[in-house]
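Student: Here it is, the structure, as structure tokens.
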Amino acid sequence: MPKPGPRLRLVDVAERAGVSLATASRALSGRDGVSEEVADRVRQVSRELGYVANPFARTLAGGATSTVGLVVHQVDDPYFSEIAGGVIQLADEQSLLVQICHSGRDPVHELRQIRHLIAQRVGIIIVAGSGYSDPRLETEAKDELAAYQRTGGRVAVIGRHSLGVDAVLPDNEAGGRALAGHLLELGHRRIAVVAGTEALTTVADRLAGVAAALHEVGLSLADLPVVHTDFIREGGRAAAMRILRDHPETTAIIALNDAMAMGVLSALREHRIAVPGRMSVVGFDDVSVAADLAPALTTIRLPMTGMGRMALDLALKPRAARPRRRSTGHQLIVRDSTAAP
């Protein structure tokens, strides 16, 4: 059996796993053309032999590698572009490069991107975006990141609960509570919610905050129309159309991110429904364009650029015995899109 060490070659892994050199290479780089069963076997053998570990050890011996791998859900969403901006700011200060990958909110594709970054031997991996309500969807990613950290790589995540690494956690539940509380204080009771897919923990957390605010005034989330759709602008627009058709009595709409709120405003504009005269609208995140919309959007401000910096700062610190958690806080920003019903 080959011994772990600097002389270990990919061909040793291939022979031990019983596959060709090309197959072993594709499996370890996360490329297509290899069945999951074979790829898992090759990765397991590489870990047993220490093949992946040694390149990291050699690189890190002379200091951290110069590349940070950043995985985001959607590169054209302002939420993620602002997070990426924070990562890039701090990376530039530290003379690091940033490689950005797009997962499309698909846990299978996200895992493929993580494996690709590991194969590229980046020194740091940051995963930004909601986790998944079914923890089984994150098991393989958690295992890959744990193995990567054991070989000397560093990891931090944003908005993830269960990957077992350092995490920056947006104030989602408290923010949802503040949003709903604002509308309730204005006197709204016929409220609808435009939510992302139920599979996302961010959606569950923000809905939990809305539910808590409703409970304080004797209402339940079950009393409200909640439309689950894609967590993007087009999803918000489609959900608003459905609310207008099925619940015309609605006086306020809570969109669980600003991108969806933009879609809601687009649908209301198309139907010539005055905001906030006839319908109040709130969002969540306070992306940079939220203040420039017409009307300017009432929303929850998260420090997105700061979140990117926080995550990279955690990853640059020596690894702690237990995963560290950093809460972001939140701020209710009241603008022109809300008024009394």
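Student: From the helices alone, meaning DSSP H stretches of at least four residues, give me the mean residue ellipticity at 222 nm for the chain, per-run term -39500 (n - 2.57), in deg cm²/dmol to the nearest 500.
Tutor: Theoretical 222 nm ellipticity from helices: -14000 deg cm²/dmol.
Student: Pairwise over distinct Cα atoms, reciprocal of the mean inverse distance: report the Kirkwood radius of the chain in Å, one decimal place. It would help to have the intermediate numbers written out before the result.
Tutor: Values: mean 1/r = 0.0467 Å⁻¹.
Final number for the Kirkwood radius of the chain is 21.4 Å.
Student: Let me ask something else about it. Sort 217-227, 280-290, 116-126, 17-27 for me by packing, meaning the mean count of neighbouring Cβ atoms within 10 Å per residue, highest on top. Present the calculation step by step, with values, prior to reporting the outcome.
Tutor: Values: 217-227: 14.0, 280-290: 24.1, 116-126: 21.9, 17-27: 18.0.
The packing order, highest mean first, is 280-290, 116-126, 17-27, 217-227.
Student: In percent, how large is the relative contact order of the range 168-225, given Cα pairs closer than 8 Å and 6 or more residues apart? It would help to have the intermediate numbers written out before the result.
Tutor: Details: 56 pairs, mean separation 28.2, N = 58.
49 percent.
Student: Solvent-accessible area per residue for the range 214-324 at a 1.4 Å probe radius, Å²?
Tutor: Working: 4840 Å² over 111 residues.
In whole numbers, the range 214-324 has 44 Å² accessible per residue.
Student: Within 10 Å, at most 15 other Cβ atoms, and a DSSP state outside H, G, I, E, B define an exposed site. Report the longest part of the chain free of exposed GluC sites (Glu not before Pro). Don't skip to the end; give the middle numbers.
Tutor: Working: sites that count: Glu198, Glu249.
No qualifying site falls inside 1-197, the longest such stretch.
Student: Measure off, as a whole percent, the carbon and sulfur share of the 1.4 Å-probe accessible area of the chain, all protein chains present.
Tutor: Its accessible area is 50 percent carbon and sulfur atoms.
Student: Expressed as a whole number of Å, what is the distance separating the alpha-carbon centroids of the range 291-320 and the range 134-210?
Tutor: 14
The values are calculated or read from the model by the stated rules, or taken from the named source; none is laboratory data. Note that the structure is a prediction, hence the values are computed from the model and not measured. Methodologically, a virtual Cβ is constructed for each residue, glycine included, from the backbone with ideal geometry; neighbour enumeration extends over all protein chains shown. What goes into the accessible areas is simple: the full protein's heavy atoms, side chains included, and nothing from ligands, DNA or RNA. Shrake-Rupley method; radii C 1.70, N 1.55, O 1.52, S 1.80 Å.
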